[in-house]
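Notes to accompany the following structure.
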Amino acid sequence: MKRIAILGSTGSVGTQALEVVAAHPDLFEVEVLTANSNAALLIEQARKFKPNAIVVTDESKYKEVKDALMMLPIKVFAGQQALVDVVKWEGIDVVLGAILGFAGLRSIISAIEAGKTIALANKETLVVAGELVMKLAEEKRVNIIPVDSEHSAIFQCLIGEDLNKVEKLILTASGGPFLGRKSNYLVNVKASHALQHPNWSMGAKISIDSATLMNKGLEVIEAKWLFGMKNEQIDVIIHSQSIVHSMVQFVDGSIKSQMGLPDMKLPIQYALAFPHRIQNNYKRLDFKDFPKLTFEPPDYKTFRNLAIAKEAMFRGGNAPCVLNAANEMVVHAFLQNKVGFLEMSDMIEKTLECVTFIEHPTLDDYQNTDTEARTYAAEFIKKSQLSIY
Ligand code: NDP
């Protein structure tokens, strides 16, 4: 029986993780659930899964949650610090990091410090502070098991292999809803359109990141840290069917891939159950339904975010932290129709030019960088034509 803390239980990954847990009551038990402000869903989840504790980080929701659960033996906490504290509890075996964005960083660091196994969905943790986080995990002998489907695929391909015999990692990308489109089309697309991912059902922010290919850029940086690769060892290939979840090429030219239907419950289940593989009744991949699997290079000129993310990775230091903060800001603005689709790349690039470069950042430096980048990005967003009118 593994006792699990699900950080971000009300999100897309969090709710699917609870489906996995519910399907295997003999293997998993919920110890902690957390949400930001979705009090109604958090209350419903707490009533169903009866965790030991829950955290609502938006403090204005505390009373509502506390009152609703008064009759149950569930501890209720509020605020960001509670999130950092609760992951250290003795009763927790695995912490699933499924909070969105930079906000997920501190709780993951805290969980690693406490020696908890991490199932990591929150890619921003490694994008922002990969070097620091991986070093800490090594020091504390903590396993970080990826939940992102691409990284889960690579992780599975690497089992039993020598990391020194890896030539390169090949991350697959669906290409998102605008695959094949050019700038003259993209200039007018709106959030409602960009949110319609052809293969995956995900939260709003990652859906926009998939449409701009920033998601793949973030994943390249995530893979670098997670698997200890050099920048040049990570390739991206567009595979619009999302069946091959990613690949590893070895020094003898041999390539291993992991495949399956696009369903996040699979990598979530794999990460929670690791090192065991457990049975499920999810729909199986039938190759006859996919007679053609295609692969093509990404269009770096049109989808500039992928190129910008790779540049930030090569630059190193706090540049990926700036990239992430600017991206979180512009995606939020795009979702509110305050900036245009193509404008997002311009604003991220300009923010990267403005923020002070730090070659070897500390955790505090990352926090300050994040704040500085958000301030610049907010200025650029204000000046957008869409914000003005
Ligand atoms: P969602 O937006 O669906 O959910 C985010 C979760 O985080 C919610 O529980 C939300 O609470 C909580 N949250 C948001 N902001 C804060 C904050 N400031 N402090 C504390 N909690 C917060 O996101 P997804 O589930 O789509 O994604 C979560 C992470 O997993 C991201 O890093 C994403 O890149 C990654 N990921 C997602 C995949 C997917 O299929 N969705 C696939 C692979 C990776 P509330 O509901 O109350 O707002």
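Nothing in this text is a laboratory measurement; each read-out follows from the coordinates by a stated rule. It should be emphasised that the depicted structure is a prediction, and the values quoted were computed from it without experimental measurement. Glycine also receives a Cβ, built like all others from the backbone with ideal geometry; neighbour counts cover every protein chain displayed.
Details
- Sparsely packed loop sites in region 136-174 (the trypsin sites (Lys or Arg not before Pro) outside DSSP H, G, I, E and B with at most 16 other Cβ atoms within 10 Å) comprise Lys140, Arg141.
- Within region 153-305, percent of DSSP bridges classed antiparallel, to nearest 5: 70 percent
- Shown here for region 199-236: trypsin sites (Lys or Arg not before Pro) in loop regions (DSSP other than H, G, I, E, B) with at most 14 other Cβ atoms within 10 Å, namely Lys230.
- Taking GluC sites (Glu not before Pro) across region 122-214, the ones in a DSSP loop with at most 14 further Cβ atoms lying within 10 angstrom of their Cβ are Glu161.
- Looking at the chain alone, DSSP beta bridges between its own residues are antiparallel in about 25 percent of cases.
- Remark: the Cα gyration tensor places the chain in the rounded category, a/c being less than 1.5.
- Stokes-Einstein translational diffusion, region 113-240 - Kirkwood Rh over all Cα pairs, 0.692 mPa s, 37 °C, in µm²/s: 206 µm²/s
- Computed per residue of the chain from DSSP H runs no shorter than four, each worth -39500 (n - 2.57), the mean residue ellipticity at 222 nm is -13500 deg cm²/dmol.
- Projecting the Cα atoms of Phe341, Leu363, Ile381 onto the charge dipole of region 256-389 (Cβ charges, centred on the Cα centre) puts Phe341 farthest toward the positive pole.
- Check: region 277-389 dipole with +1 on Lys, Arg Cβ and -1 on Asp, Glu Cβ, in debye: 620 debye
- Percent of Cα pairs in region 218-301 per distance bin of 5 Å, from zero to the largest separation: 3, 10, 17, 22, 21, 17, 8, 2, 0.
- Of the residues Leu126, Leu179, the one with the fewest other Cβ atoms within 10 Å heads the list, and the complete ranking is Leu179, Leu126.
- Student exercise, the chain dipole from Lys, Arg, Asp, Glu Cβ charges, in Debye to nearest 20: 820 debye
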